[in-house]
Amino acid sequence: MTAPSRPDRLLVLAPTRRAASETFIRANLEGLPFATTAFFGDERPLRSPWRLVYGSAILLSKLLTRLRCPWLATWPASWVTWALIHRCRPDAVLVEFGFEAVRVMEACAWTGVPLVVHFRGSDASASNRLGMLEERYRRLMRIASAVIVKSRPMADTLLDLGASADWLLISPSGANTALFEGSRPAAADPVLLAVGRFVEKKGPLHTIRSFAQLCHQSTASTPRLQLWMVGEGPLLAEAQALVQSLALTQQVRLLGVRSQVEVAALMREVRAFVQHSLVAADGDSEGSPVAVMEAQLSGLPVVATRHAGIPDVVLDGESGFLVDEGDETAMAAAMARVLNDPELAARLGDCGRRRVLAGFTVDHHLRQVSELLRKVIEASRR
């Protein structure tokens, strides 16, 4: 009898697995069909020497990067990763985020183990990343066997830096079909939901000001209109002050951080989902926001902006409404359309759910990433 072949081994390196926003990293670890070993840059447990050494090397790399020594910052983590590769003997290395990849990339060059880099958003857009790391990214594109991105604009950025078009995968992270379902926008109260960190590229202040325009234009139904906002971040205090100054404390609820289960439940209580994504002053932009896909999978219409990968997911006039970045008046008008016409909201939401089920679920993403990793591994064995 022929002995069964061992499963392909994957070494995953990522900045963190603890942040609430990093659900996609945990999904990859749980869903990819490989024998996976993972190390995280923010973990330094004393009882696990290899994790302690890796986390300490990443910490030193971060310090050297802040000191404007990006070339030198590559070496501490690369040496430790070289040792990890010899210890774990992976068939491929998957690194989450480009800024993490430049810290460890030389280890793959030294060992010949294929490197796949998963870019997520700010690592391929923000000027404080691209400006300082541009030459490091060009080196990374020469070392990497393949690159995964979230949207066409991200792909174009990395192609300009030298990525191979033949080994570049555009794959949104996808929504979880086990959680996001059951919204009934036609029966819901006129409530809008926004989910995301209170940072500039998510546009929380734009969303609040658009909602204020909507309320000021409404009449008898105004007291029933509500905006629920999930998340926290550096703009939260400014958002709270804005709500106060616009006299919207009875209509805007700032709900803080909620779990995915809680967010899914909130989506079953509202009429529509809103997100005013835009390019931040430092160039930071979205990839393809998971919350938008989750809302559509739930069956909600989406009001959002023509930004990054959002138009790939939301079909303007079919599964929601898209407006230009920064156009708060157009967003207020789009909000009014879904709030004033429950049947329209239901039709848009139904279209969005069918669209996400057809191509934007977590399972789609995991299958695409798995296929790419297998291709990379097979090519390395030839």
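The values are calculated or read from the model by the stated rules, or taken from the named source; none is laboratory data. This one's a predicted model, so the numbers in the text were calculated from it and none came from an experiment. Neighbour counts are summed over all protein chains in view; Cβ atoms, including those assigned to glycine, are modelled from backbone coordinates with ideal geometry. Side chains are part of the model used for accessible areas, which takes the heavy atoms of the whole protein and leaves out ligands, DNA and RNA. Shrake-Rupley method; radii C 1.70, N 1.55, O 1.52, S 1.80 Å.
So if I place +1 on the C-beta of Lys and Arg and -1 on the C-beta of Asp and Glu, and nothing else carries charge, what would the dipole magnitude of the chain be about its Cα centre? I want it in debye, nearest 20. Display every interim value, and only then the final one.
Numbers: 43 positive and 39 negative charges, 262 e Å.
Charge dipole, the chain, about its Cα centre: 1260 debye, nearest 20.
Please state the charge dipole magnitude for the stretch 218-366, taken about the Cα centre, from unit charges on C-beta atoms (+1 on K and R, -1 on D and E), reported in debye and rounded to the nearest 20.
Numbers: 11 positive and 19 negative charges, 127 e Å.
Using Cβ point charges on Lys, Arg, Asp and Glu, the stretch 218-366 gives about 620 debye.
Tell me, what HN-Hα J-couplings in whole Hz come from the Karplus equation 6.51 cos²θ - 1.76 cosθ + 1.60 at θ = phi - 60° for each residue of the stretch 172-189, using x for Gly and Pro?
x, 5, x, 9, 8, 5, 6, 10, 9, 6, x, 5, 10, x, 5, 9, 7, 5
Any chance you could run the full-extension gain for residue 134 through residue 357? It's 0.36 nm times the residue separation minus the Cα-Cα distance, nm to one decimal.
Details: separation 223, 0.36 × 223 = 80.28 nm, distance 3.68 nm.
That works out to 76.6 nm of additional length.
On a full-extension model of 0.36 nm per residue, what is the gain between residue 281 and residue 259, subtracting their alpha-carbon distance, rounded to one decimal in nm? Present the calculation step by step, with values, prior to reporting the outcome.
On the way: separation 22, 0.36 × 22 = 7.92 nm, distance 2.92 nm.
Stretched out fully, the residue 281 to residue 259 stretch lengthens by 5.0 nm.
Along the Cα-to-C-beta direction of residue 325, a point sits 7 Å from the Cα; which residues of the stretch 149-179 have their amide N less than 20 Å from that point?
It comes to 149-161, 171-173, nothing else.
Assuming a ≥ b ≥ c are the square roots of the Cα gyration tensor eigenvalues, decide whether the stretch 146-264 counts as rounded (a/c under 1.5), prolate (otherwise, with a/b larger than b/c) or oblate. Walk me through the numbers before you get to the answer.
Values: a/c = 2.54, a/b = 1.84, b/c = 1.39.
Note, shape of the stretch 146-264 comes out prolate.
Considering amide H positions built from the backbone, and no H for Pro or chain starts, which residues 5 or more places from residue 320, or on another chain, come under 5 Å of its amide H?
Answer set, sorted by chain and number: 302, 315.
At 1.4 Å probe radius, can you tell me the per residue accessible area of the stretch 29-84 in Å²?
Values: 3070 Å² over 56 residues.
On a per-residue basis, the stretch 29-84 sits at 55 Å².
Calculate for the chain the 222 nm mean residue ellipticity that helices alone would give, adding -39,500 (n - 2.57) per DSSP H run of length 4 or more and normalising by residue count, nearest 500 deg cm²/dmol.
Values: 14 runs with 182 residues, N = 382.
So the calculated ellipticity at 222 nm is -15000 deg cm²/dmol.
Place the peptides 143-150, 322-329, 188-195, 243-250 in order of packing, highest mean first, counting for every residue the other Cβ atoms within 10 Å and averaging per peptide. Mind showing how you got there, number by number?
Numbers: 143-150: 24.4, 322-329: 16.5, 188-195: 22.0, 243-250: 13.5.
Packing proxy ranking, top to bottom: 143-150, 188-195, 322-329, 243-250.
Assuming a ≥ b ≥ c are the square roots of the Cα gyration tensor eigenvalues, decide whether the stretch 62-220 counts as rounded (a/c under 1.5), prolate (otherwise, with a/b larger than b/c) or oblate.
prolate
Quick check: pseudo-label points 7 Å beyond the Cα along Cα→Cβ at residue 216 and residue 189, how many nm apart are they?
2.5
Output wanted: per-residue J couplings in Hz (rounded whole) for the stretch 73-83, from phi through Karplus 6.51 cos²θ - 1.76 cosθ + 1.60, θ = phi - 60°, x for Gly and Pro.
5, 5, 6, x, 6, 5, 5, 5, 5, 4, 5
Quick one: length gained pulling residue 244 to residue 337 fully straight, 0.36 nm per residue minus the C-alpha distance? Write out the running numbers ahead of the final one.
On the way: separation 93, 0.36 × 93 = 33.48 nm, distance 2.57 nm.
The residue 244-residue 337 span can extend by a further 30.9 nm.
Please say if the stretch 60-135 is rounded, prolate or oblate, where rounded means a/c under 1.5 for a ≥ b ≥ c the square roots of the C-alpha gyration tensor eigenvalues, and otherwise the choice is prolate for a/b larger than b/c and oblate otherwise?
Oblate shape, in that a/c is at least 1.5 and b/c is the bigger or equal ratio.
With +1 assigned to the C-beta of every Lys and Arg and -1 to the C-beta of every Asp and Glu, and no other charges, what is the dipole magnitude of the stretch 187-301 about the Cα centre in debye, to the nearest 20? Each step should come with its number before you reach the end.
Working: 9 positive and 10 negative charges, 65 e Å.
It works out to roughly 320 debye.
Looking at the stretch 89-182, send over the antiparallel percent of its DSSP beta bridges, to the nearest 5. Don't jump to the answer; show the numbers that get you there.
Numbers: 0 of 10 bridges.
Given both bridge residues lie in the stretch 89-182, the antiparallel proportion sits at roughly 0 percent.
Sort 289-296, 362-369 by packing, meaning the average of other beta carbons within 10 Å per residue, with the highest value first.
On the way: 289-296: 28.2, 362-369: 19.5.
Highest-to-lowest ranking by the protection proxy: 289-296, 362-369.
Roughly how many whole Å is it from the C-alpha centroid of the stretch 184-210 to that of the stretch 275-289?
What the calculation gives is 15 Å, centre to centre.
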